[in-house]
Structure formats: C-alpha cells, structure tokens
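The structure under discussion appears below in the form of structure tokens.
Each reported figure results from applying straightforward, stated rules to the coordinates on display, with no laboratory input. Since we're looking at a predicted model, the values are computed, not measured. Quick reminder, even Gly has a Cβ in these numbers, built from the backbone with ideal geometry, and neighbours come from all protein chains shown.
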Amino acid sequence: MTGNRQVIEMPPPAPVRRHVDALRRAEPPTDLLDSVMAEVERTRQVGQLRMMPIVVGGSLAAVAAAAIGIAVLFSSPDRVGGPDATRTPLPSPASQPAPIRDLPAAGSVEATAPIGPGQILTTSAFDAPWFADPAAGTIQRLDPGSMTFDAPIEIRPRGGPPRLWLASDGELLWAGTGVPGRTLVAVDPELGDVVREVDLGLAPFWVAAGNGMVWVTDRERDLLVGIDASTGAELHRVSIAEPTGVHVGETIWVASAGDDEVMEVDPRSGRVLRAIGVPADPVQVVRSAEALYVMGGDARIVAIDLASGVTREGPRTLVALAVLAGEPWALSAVFDVGLLDPASLDFSAALKIGPGGGEGLVAAAGSLWTIDRDTLYRIRPAPP
Amino acid sequence: MRATDTDIRLAQRGDAAAFERLAGRQLTGLYRIAGAMVGEEDGRDVVQETLVTAWRELPRLRRVDRFESWLRSICMNRCRNLLRTRSRRPSVLAGLDLSSLPGLRADDPMARLHSDWATDDMLEVLRPDERAVFVLHYVDDRSLREIAGILDMKPGTVKTKLHAGLRRLRDAVASEGAA
C-alpha cells in the first residue's frame, strides 16, 4: 500500500491489511462499461426527445435574452457585462462547422520530432517553442532550426504540482512553480539557469508577461497578482473569482471561471475597467488584431468585439488558441489546426494533423507548433 | 489542456464517445472503492449508478480539475446511503427467527441478504463515514485533505474518523483473536 497517504500513528492490523490488499486488486466485470454506456445511450435518447421542442423555442428566447444582456452591458461604466450579463444565456451557434475536407489547406506539416511522455508544450518565447515537464521539474527550449531540444533547465524539485506554466517578458522566462517559498522563478535563456526567485505565497494557474510586468493567477485564492519584472516587487493584487488565463497587452485581460467573465484590468492602477460575460468556465484569453478570443470550458470559442462588447460564439469544438502574425489560429478537439475566420469563427482553412489527442498550440519562428502523446508537429502556414 | 480535460469538456457537450473514454479510465478505481464499501454485487450497481449520474450532471461540473473527486463524491454518497439503509434493516430483524415470520422463508432474498451481511467483510465493524474515510485512504490512496473534499468534511473530522475506525478494527481483530 503506497501513494500519497499521510503517516498515521496506528496502521491497520495485519489481517485488515491483507483484506485491503485484496480489495486493491479487484477488477471490474468485463461487461460493466458496456452496461454503463447502454444506460447512458438510453438516457441520451430520452434527453434528446425531451429537448427537441425546447431547443427551437429556447434559441429565440436566448437571442432575446442576450439582446437584453447586451443592453445591460452598457448600463455601468465600470463593469460592462457584469453579473446580469453573465447569467444571460448566449445564443447557440447558428451554423455547423464546415467539414475539414471541404476547406482549403491551411498549411503543411513541415517537420516532426519525438517528445518524452511528460513534456507539455506551454509557450512561445524568444522565437522558439518551450516545453515543461512538471513531474521532472524542468523546462526545455526546442531549437526551431535543428528541431532538437536544448538541455533541460531544472527549476524545481521533481514531483511538484501537475501544473508548470511559462511566459516571457522579452529578457527572461518566468515559470510559475507552485513550490512553497518560490511562486515564480525567472530563467535567463542565455545562461540556461534560474536568476531570480519571487515568493508570492501563491499556487500559479497561469503566468503571463509583458511591458515590464509579470501577471500570475491563483485560481484557489481568487487572485490576480502583478509584479515588476525588473525588481520582483508586487505591484497589484486584484481579487477575481477563480481567475484562469491572462493576456497581456496595453491592458490586461483575465478570465474569471468563478463569474464566467473576462475582465479588463488597468496594469498601472490594478483597477478592473470592465467585465464581459462569456460562456461557462473560460480558460484562455487571446487577443488578435481585431478581437478578443476566449476559450470556454466547454471547448467552444467566443469572440468579443471590444468596441461594441458584443460576444459571438463559434461552431467548432476547439481546445487551444494561438496568434501568428496577427491572425488567430486554433487547435480542434479532433486534432485539426485551422485559421479562424473572424466573421464565422469557424476555420477558413484547415489541416488535419492526426486522428485525435492533440494538446497545445503555440506560434513561434513563423510556424505553428502542436503535440500529441509522443510527437511534436511543426506546421508551416500556407501563403495567404 | 490535457486529454482528460478535453474529454470532460466534450462529454459536457453530449459527446458519448468522450464520456466512454472517461468512464473507462475511472472504472477500476470506482469499482474498487465501491466494492470495498458495499461488496462486489452492490458495488457493481453503485458504479453504474455513479457513472450514469455523472453523465447526466456533467454539464454542471465547473471545475474539470476536480472531476475525479466529484465522481468519488457521487460514488461514496451512494455507498454511505446504502450502508445506512442496511444498518437500519438488521435492527428490525436482529434476533428474530426469520423462518418463523409469515411469508418469509429461509431462501427468501431478504433472509439471504441478512445472512450475507455477516460474511467475510472485515470492514463491517466500521460506521459508514469511518468506512468511507478508511476506504478512500487505504484502498484509493487519497490524502486526508482530498478525502475531506470528497466527503465534504473538515480535515480534522476525517482524521478523527480514521483514528476511530482504526481503533475499532484493532479491537475487533483483538477480540476475534481472544475468542
């Protein structure tokens, strides 16, 4: 009996330990999963029959409710699309996603490289994709020219928290370690070593950097924290319900999974300038030249016109976003990479990478990069 | 976003294939804790009910990173309810000669169930909450903090129940040895 169990003063008596060992070896009947799925299928069919008339009427009601929600968005100068807008159901996507085979090719797989089982594609920094291995406590740069990995950089002990997120501010690479006493570490990519440690007493969910500041969200503690990248001094601590993804630009955009909103924060004052309601559990925020894109927890994407505050939802199931040369790209749940059309929020061009299981999408060195379980793919976009 | 997270989100939108992948990954763990709580036969039913409930309620799950704990909460609540129902039944029947009751024969399912309660279940001396804590800790390798979240208890309460359960087991083993 091993694992993450804490030390208990009195272990179970020997006969009980033998009994527990037998329980730990029990295997489910071979037909159990089939029985479960048969019941799920029956439930699903009943649910679909019940839902049919409601969906038709409900979509009209949702459009009307969304219109009311948009009116509410402009009722407050500080919290555009506050709690009322959050509770307003967004309209269902009007169209089905276009079949990939009917779309023009978005590019081609230019190169591949094997990756280790623990490596996660996390960010683009210094014009190269960077990987993290949370179990090993290391990060690694991939050299885009040779398609080989540089030596791993150890930033925390092995076996830390499962999340290890990276961001660069132009000079240093920042990593949210989640290790007590060292919330953030800064790595000098030239030296390949940790050059600064910052203790904020947080468990970072997301780290983003830019314009001389580093921003960290802590989903457990409902905090967005901004620090000065040159001194490590904490400048702002903003209370936000379950903050997740952050985008750094002229202003800061942060997703709140607790309030189902994205919030714009002034990096100078730390004040929330406005909040816009989005579908449930937003996790990633990306800004392109034209709009703010938010990846929802249901793997749908919404685009927000920042001038009007109007939110539109795309039809395709997507799991990651990236911006390359000012244009939004996305990774679908079935491992297609595509260029997003800002009007339809569907792919205008796409490339099938594999049958499924793609994770992460970053833009670096003029290419898009994605991975599956054991392979890194470099995708060269087709000329416009 | 990891593959499991993706499957959860797809399943939240009604993708049964994604849910089947999720259920397949959780099946053995759930079966072991359900079996340890209520026995093999009822454990199978509890796992099936747990996963069907999860399918129905999944769209309401906000924290996908808590999916495993959430599933275990559903499973353990069902198990505890079942154990409490069982513990009420013997108090009515205890000490009675079942064959003497009108309409109840020794081969009646209720009588069979009554005798099954006393079969080789070394954890039967535990109260439902103690048993839940014990099973999550020793069979499912959960930390006391995780157990507190799954069973909606304070961490101190979890520790107290674990100690009380261990004491009860030691006493039971000691008295059996003495007999």
J(HN,Hα) series, region A:189-200, from Karplus relation 6.51 cos²θ - 1.76 cosθ + 1.60, nearest Hz, glycine and proline x: x, 6, 6, x, 8, 6, 10, 7, 10, 10, 9, 10
Which residues does the label zone of A:N211 cover in region A:229-255, counting backbone N under 19 Å from a point 7 Å along Cα→Cβ? A:229-240, A:244-255
B:E124 label point, 7 Å along Cα→Cβ, cut-off 20 Å on backbone N: hits in region B:30-52? B:33-46
Separation of the A:A343 and A:D374 label points, Cα + 7 Å toward Cβ, nm: 4.4 nm
If you take the beta carbon distance between A:D305 and B:R13 as r and set R0 to 30 Å, what does 1/(1 + (r/R0)^6) give as a FRET efficiency, to the nearest 0.05? 0.75
In nm, give the distance between the simple-model label positions of B:R25 and B:T53, each being 7 Å from the Cα along the Cα-to-Cβ direction. 2.2 nm
Set the Förster radius R0 to 41 Å, insert the Cβ-Cβ distance between A:Q96 and B:D65 as r into 1/(1 + (r/R0)^6), and round the FRET efficiency to 0.05. 0.85
Amide N proximity, region A:129-143 versus A:R158 label position 7 Å along Cα-to-Cβ, cut-off under 19 Å: A:132-140
So if each residue of separation counts as 0.36 nm, and I subtract the Cα-Cα distance between A:A14 and A:A382, what length gain in nm does that give? 125.8 nm
Can you tell me how much longer the chain between A:E171 and A:D143 gets when fully stretched, taken as 0.36 nm per residue apart minus their C-alpha distance, in nm with one decimal? 8.3 nm
Quickly work out the B:A174-to-A:T30 label distance, labels modelled 7 Å from Cα along the C-beta direction, and quote it in nm with one decimal. 4.7 nm
Once Rh is set to the Kirkwood radius over Cα pairs, what Stokes-Einstein translational diffusion coefficient, in µm²/s, holds for region A:155-277 at a temperature of 4 °C and a viscosity of 1.567 mPa s? 91 µm²/s
Could you list which residues have their amide H under 5 Å from that of A:I353, counting only those 5 or more apart in sequence or on another chain, with H placed in the peptide plane? A:D336, A:V337
P(r) tail for region A:302-384, what percent of Cα pairs lie past 14 Å? 61 percent
Rounded to the nearest 0.05, what FRET efficiency is calculated for A:E197 and B:K154 with R0 set to 45 Å and r the Cβ-Cβ distance? 0.85
